[in-house]
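Engineer: Below is one structure. I have some questions about it.
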Amino acid sequence: MTLHMYDSRTAQLQPLRPIRPGHVGIYLCGATVQGSPHVGHLRSAVAFDTLIRWLKRSGYEVTYVRNVTDIDDKILMKSEEADWQWWAWAYRFEQEFAAAYRALGVIPPTYEPRATGHIPQQIALIQRLIDRGHAYADGQNNVYFDVRSLSDYGSLTRQRLEDMLTTEDPAQIDSSREAGKRDPRDFALWKAAKRSEPETASWDSPWGRGRPGWHLECSAMACHYLGEEFDIHGGGIDLRFPHHENEQAQSHGAGWNYARLWVHNAWVTTHGEKMSKSLGNVLSLDSLTRDYPAVVIRWALSTVHHRSAIEWGPQTLPAAASAWAKFSGFVARTIEVAGRIPETEVRSLTPEDLPRAFTDAMNDDLNVAGALAVVYEYMKQGNVALNDGDVEAVRRAQLYVRSMLDVWGCDPACDQWNASTNSAEACLGVTDRGAEALAALVEATMADRAQARAQKDWARADELRDRLAAAGIVVEDGREGASWHLA
């Protein structure tokens with residue numbers, strides 16, 4: 001089965017048909033490094049990490065570009081407030097994002113270009129747009145894109161130009177620059193330097209000293225690294241308009257086909273509101289990893305469909321920790337019985353080698369919920385094999401469970417997670433050294449209970465559940481099997 005992804009432009013599932021057979025080019029809008037990363041920022045990186053892992057597992061060579069926006073209005077404003085050089089401020093938080101990606105096991109991109117490192121390409125793109133009749137200079141060192149000059153403007157978000165009041169992000173609107181627009185819906189390609197801004201934050205250009213508009217960098221860098229047409233453009237759903245709409249407009253205006261598929265991930269929300277610094281509802285990775293290992297945060301971000309919002313609440317991490325403890329405990333027991341399978345072997349299983357239901361789910365727009373149900377089923381089979389002492393079946397269960405979890409970057413026995421997180425105290429966010437022993441005992445009781453249920457010995461199953469409840473362990477039965485957590 002061919003991988004199908006939901007394409008935001010057509011609002012339909014579309015098959016991935018790479019421009020170059022065997023190769024997929026991906027551009028992902030990365031961080032604007034104005035402040036520390038929080039889980040809302042990291043959702044996109046983790047979601048697309050799953051896509052890239054699945055593509056590589058499927059045999060594709062992947063060229064993955066994730067940009068860094070290291071200059072914009074917010075960076076200049078916040079660095080000035082903190083009395084920092086703007087470039088030092090940006091670099092500080094670029095490094096924080098890099099550390100967060102590493103902590104969550106995100107595969108590094110093939111290229112990670114900075115906006116400030118590609119000023120010549122952006123200037124060349126502006127000139128190309130002027131020459132093709134899609135952009136104009138206002139004589140005050142600003143250059144704007146003429147949205148009325150492009151017949152398909154609005155096609156990405158399926159909007160009509162006449163229904164729009166502006167095509168700028170409200171945070172980027174500046175009255176001094178609005179004055180030079182022929183139409184209030186035109187957007188800035190080049191912004192004139194201001195006396196109030198550092199001279200180092202501007203560059204010489206044919207239209208005067210200034211800096212690029214926000215949207216320009218992505219079109220210029222995507223073309224530079226991936227060509228005039230590439231396979232997948234990704235980013236958070238909040239970027240669809242105006243950022244991605246304007247990106248597409250610039251690129252089509254330049255005569256490029258640009259992205260074949262537009263793939264967007266949903267937000268992380270708290271109380272139904274998008275997680276953002278402006279709302280004051282952000283949760284930093286550092287604060288979360290004081291109580292839980294990074295892999296639990298990754299699990300919470302990875303095991304929800306990328307187009308579904310993640311409502312982050314008090315039970316998000318306890319539930320993720322409980323699920324992770326279940327899988328990591330299972331893998332640990334299989335290793336005790338059958339030995340640890342090398343990562344190279346775990347990662348060698350292709351989609352054809354993996355269970356058909358898992359592969360079909362992943363090829364259906366990365367349906368992680370459907371795929372996770374298959375992992376649970378194989379863990380159940382593995383628990384039966386553990387109880388029966390069938391070493392070969394235990395090894396096979398370890399191989400399949402770890403291989404499937406690795407697609408989400410969550411193999412409990414991989415080098416990154418094995419040393420620091422295969423213990424109950426790490427998974428459950430508790431510090432008692434006896435927690436590891438507790439987890440082993442609970443998992444053994446859970447396995448006995450699962451066997452009793454399979455044999456329809458309901459009295460025995462209830463007895464085991466009540467025994468755990470008396471010890472302060474809550475057992476919850478669900479479609480994917482039973483889970484447990486501390487009361």
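Engineer: Return yes or no: is G272 free of Cβ contacts under 8 Å to residues at least 40 places away in the same chain, closer than 30 Å to E96 by Cβ and assigned by TED's automatic domain parsing to the domain that holds H118?
Structural biologist: Judged against the criteria, G272 is a match.
Engineer: Related question: Can you pull out every residue in the range 27-44 that is aliphatic (A, V, I, L, M) and farther than 22 Å from P242 by Cβ?
Structural biologist: V39, L42, listed by residue number.
Engineer: Just give me the residues in the range 108-135 being free of Cβ contacts under 8 Å to residues at least 60 places away in the same chain and over 18 Å from E217 (Cα atoms), in sequence order.
Structural biologist: Residues satisfying the conditions are P108, D131, G133.
Engineer: Right, next: If the Cβ limit is 6 Å and pairs must be 6+ apart or interchain, which residue in the range 323-349 that is under 17 Å from A397 (Cβ atoms) and buried (at least 19 other Cβ atoms within 10 Å of the Cβ) pairs with which residue that is among the β-branched types (V, I, T) and at pLDDT 95 or above?
Structural biologist: From residues that are under 17 Å from A397 (Cβ atoms) and buried (at least 19 other Cβ atoms within 10 Å of the Cβ), the pairs are T334/V394; A338/V391; A338/V394.
Engineer: Within the range 136-163, work out how many residues are touching a residue at least 12 places away in the same chain (Cβ under 8 Å) and farther than 13 Å from S251 by Cβ.
Structural biologist: So the answer is 18.
Engineer: If I ask for residues that are buried (at least 20 other Cβ atoms within 10 Å of the Cβ) and over 22 Å from W87 (Cα atoms), which ones from the range 200-218 would you list?
Structural biologist: W207
Engineer: Any residue at all in the range 20-27 that's surrounded by fewer than 22 Cβ atoms within 10 Å (Cβ to Cβ) and touching a Leu at 6+ places or on another chain (Cβ under 8 Å)?
Structural biologist: Filtering the range 20-27 for residues surrounded by fewer than 22 Cβ atoms within 10 Å (Cβ to Cβ) gives 20-23.
If we keep only those that are touching a Leu at 6+ places or on another chain (Cβ under 8 Å) as well, we get none.
No, the range 20-27 contains no residue that is surrounded by fewer than 22 Cβ atoms within 10 Å (Cβ to Cβ) and touching a Leu at 6+ places or on another chain (Cβ under 8 Å).
Engineer: Going through the range 20-59 one residue at a time, which ones are over 14 Å from F97 (Cβ atoms) and assigned to a loop (DSSP other than H, G, I, E, B)?
Structural biologist: Result: P21, G22, S58, G59.
Engineer: Further, regarding this structure: Among the residues in the range 237-246, are any more than 30 Å from S308 (Cα to Cα) and surrounded by fewer than 21 Cβ atoms within 10 Å (Cβ to Cβ)? Working first, answer last.
Structural biologist: Initial filter on the range 237-246 (more than 30 Å from S308 (Cα to Cα)): none.
For the range 237-246, residues more than 30 Å from S308 (Cα to Cα) and surrounded by fewer than 21 Cβ atoms within 10 Å (Cβ to Cβ): absent.
Engineer: Next up: Could you list, in sequence order, all residues of the range 115-166 that are among the small types (G, A, S) and part of a loop (DSSP other than H, G, I, E, B)?
Structural biologist: Answer for the range 115-166, where residues must be among the small types (G, A, S) and part of a loop (DSSP other than H, G, I, E, B): G133, G139, S151, G154, S155.
Engineer: Can you tell me which residues in the range 353-371 are assigned to a helix (DSSP H, G or I) and without any contact (Cβ under 8 Å) to a residue 60 or more places away in the chain?
Structural biologist: If the condition is that a residue be assigned to a helix (DSSP H, G or I) and without any contact (Cβ under 8 Å) to a residue 60 or more places away in the chain, then R356, A357, F358, A361, G370, A371 are the ones that fit.
Let's see how each residue does on (1) part of a helix (DSSP H, G or I); (2) modelled with pLDDT of 95 or more; (3) not basic (K, R):
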{"residue": "A373", "(1), (2), (3)": "yes, yes, yes"}
{"residue": "R395", "(1), (2), (3)": "yes, yes, no"}
{"residue": "Y400", "(1), (2), (3)": "yes, yes, yes"}
{"residue": "S420", "(1), (2), (3)": "yes, no, yes"}
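Engineer: A follow-up question, please. Restricting to the range 305-322, and then to whatever is in contact with a strand residue (DSSP E or B) (Cβ under 9 Å, 6 or more places away or on another chain) and closer than 26 Å to V394 by Cβ, can you tell me which residue is surrounded by the most Cβ atoms within 10 Å (Cβ to Cβ)?
Structural biologist: Among those residues, the one meeting the criterion is A321.
Engineer: Determine if the range 59-73 includes at least one residue that is closer than 23 Å to A192 by Cβ, in the same structural domain as Q248 (by TED's automatic domain parsing) and either touching a Pro at 6+ places or on another chain (Cβ under 7 Å) or modelled with pLDDT under 95 (or both).
Structural biologist: For the range 59-73, residues closer than 23 Å to A192 by Cβ, in the same structural domain as Q248 (by TED's automatic domain parsing) and either touching a Pro at 6+ places or on another chain (Cβ under 7 Å) or modelled with pLDDT under 95 (or both): present.
Engineer: Restricting the search to the range 60-93, which residues are buried (at least 19 other Cβ atoms within 10 Å of the Cβ) and either in a helix (DSSP H, G or I) or free of Cβ contacts under 8 Å to residues at least 24 places away in the same chain (or both)?
Structural biologist: Across the range 60-93, the qualifying residues are I75, L76, S79, W86, W89, A90, F93.
Engineer: Of all residues in the range 355-392, which are under 19 Å from the mean Cα position of the chain (by Cα) and β-branched (V, I, T)?
Structural biologist: V368
The values are calculated or read from the model by the stated rules, or taken from the named source; none is laboratory data. In this text the structure is predicted, and so the values were computed from the model without any measurement. Glycine gets a Cβ as well: all are built from the backbone with ideal geometry, and neighbour counts include every protein chain shown.
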